[in-house]
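Written out below as structure tokens is the structure these notes cover.
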Amino acid sequence: MNESLLSRRSLITGAIGAATLLATGATLRVLDVAGGDDPPLRPPGIESEEHFLGTCIRCNRCRGACPRDIIVNCDMEDGLINIRTPRLSFHSKFSESYRREEGKDQAMVTSDPYPALLSATGKGFCDFCMLCALSCPTGALKTSFDPEVRWIGEAVIDPLYCIAFEKLGGCRKCADYCPFNAITINEKRQPVVDPKKCNGCGICENICPSSSYRTFKGTMRRGVNIEATTEERPL
Ligand code: SF4
Ligand code: SF4
Ligand code: SF4
């Protein structure tokens with residue numbers, strides 16, 4: 001067999017192999033009923049993931065009620081069991097990002113963060129208005145959620161995507177914008193989250209510029225990401 005025929009044959013075999021792997025991967029993903037180890041990041045007010053899955057009727061009312069447009073539907077990627085249940089996404093268009101009240105500096109915002117958050121403009125973060133829970137007809141989301149003692153999820157810095165880990169002092173936006181002073185900059189000029197102060201509002205993930213620089217890599221990860229956790233918020 002001549003060389004060009006051989007290389008064409010190996011090319012075709014390789015392509016078939018890759019297609020088979022892709023198809024198998026997709027099927028396995030669909031069959032991954034729970035969608036992996038991490039539960040989706042839920043709106044505030046769930047009692048537990050088990051209680052939520054047993055009571056949410058996928059009516060979409062919470063999604064329609066959210067004034068900050070952060071509630072989206074789970075899809076196949078989140079696992080069959082979660083399809084059409086609500087999860088949070090803090091990735092809104094830059095023009096709709098969190099904006100502090102005009103003329104207010106960070107110190108003024110943090111002296112009274114919760115009312116300031118409710119009056120802030122923009123979308124893509126949680127202001128704890130609890131309109132989602134108020135609209136829930138089954139009690140899957142509870143209005144009694146208190147962001148001073150509980151959290152939606154935990155802000156976690158990802159050194160792979162955080163610009164400050166790539167370039168000394170390259171960015172400190174999350175620390176400057178967190179209304180709860182939950183992020184500080186260490187001596188290496190990198191951000192560090194204090195879980196005792198973080199409530200998972202999502203502002204840091206919303207304003208983090210790292211994925212807009214890296215969209216060519218096709219990642220949804222930002223330099224800081226709010227991750228669902230079953231742990232109690234440390235007090
Ligand atoms: S508390 Fe308000 S801003 Fe937060 S998810 Fe619910 S409706 Fe949206
Ligand atoms: S805003 Fe994003 S890139 Fe900037 S320091 Fe924070 S996590 Fe890193
Ligand atoms: S989610 Fe981010 S912005 Fe919100 S309190 Fe936590 S660290 Fe601060």
Check your understanding: Would you say LEU131 is near ligand 1 (Cβ under 9 Å from one of its atoms), in contact (Cβ under 8 Å) with a residue 24 or more places away in the chain, touching a helix residue (DSSP H, G or I) at 6+ places or on another chain (Cβ under 9 Å) and under 25 Å from PRO234 (Cβ atoms)?
Key -> no
**Study point:** Among (1) of a type in the set (S, T, N, Q); (2) at pLDDT 95 or above; (3) under 19 Å from the mean Cα position of the chain (by Cα), the one test that THR55 misses
**Key:** (3)
Check your understanding: Which one of the conditions (1) basic (Lys, Arg); (2) within 13 Å of ligand 3 (Cβ to nearest atom); (3) farther than 17 Å from CYS126 by Cα; (4) surrounded by 13 or more Cβ atoms within 10 Å (Cβ to Cβ) does ARG150 fail to meet, given that it meets all the rest?
Key -> (3)
Check your understanding: Could you say which residue among GLY200, GLY170, GLY122, GLY153 is modelled with pLDDT under 95 and either in contact with a strand residue (DSSP E or B) (Cβ under 7 Å, 6 or more places away or on another chain) or among the charged types (D, E, K, R) (or both)?
Key -> GLY122
Revision key, fill the gap. All-but-one check, PRO137 against (1) part of a loop (DSSP other than H, G, I, E, B); (2) modelled with pLDDT under 95; (3) out of contact with any Phe, Trp or Tyr (no Cβ under 7 Å at 6 or more places or on another chain), failing number (2)
Review point. Restricting attention to segment 157-179, which residues are within 16 Å of TYR98 (Cα to Cα), touching a residue at least 40 places away in the same chain (Cβ under 8 Å) and away from ligand 1 (no atom under 16 Å from the Cβ)?
Key: CYS174, ASP176, TYR177
Check your understanding: Does any residue of segment 196-205 turn out to be away from ligand 1 (no atom under 16 Å from the Cβ), part of a loop (DSSP other than H, G, I, E, B) and within 23 Å of GLU232 (Cα to Cα)?
Key -> yes
Exercise for review: Please enumerate the residues belonging to segment 120-146 that are closer than 27 Å to TYR177 by Cα and over 22 Å from the mean Cα position of the chain (by Cα).
Suggested key: SER144
Review point. So which residues in segment 171-193 are in a loop (DSSP other than H, G, I, E, B) and within 24 Å of GLY122 (Cβ to Cβ)?
Key: CYS171, ARG172, CYS178, PRO179, PHE180, ASN181, ALA182
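The values are calculated or read from the model by the stated rules, or taken from the named source; none is laboratory data. Note that this is a predicted model, so its numbers are computed, not measured. A quick note on method: Cβ atoms are made from the backbone with ideal geometry, for glycine too, and the neighbour counts reach across all protein chains shown.
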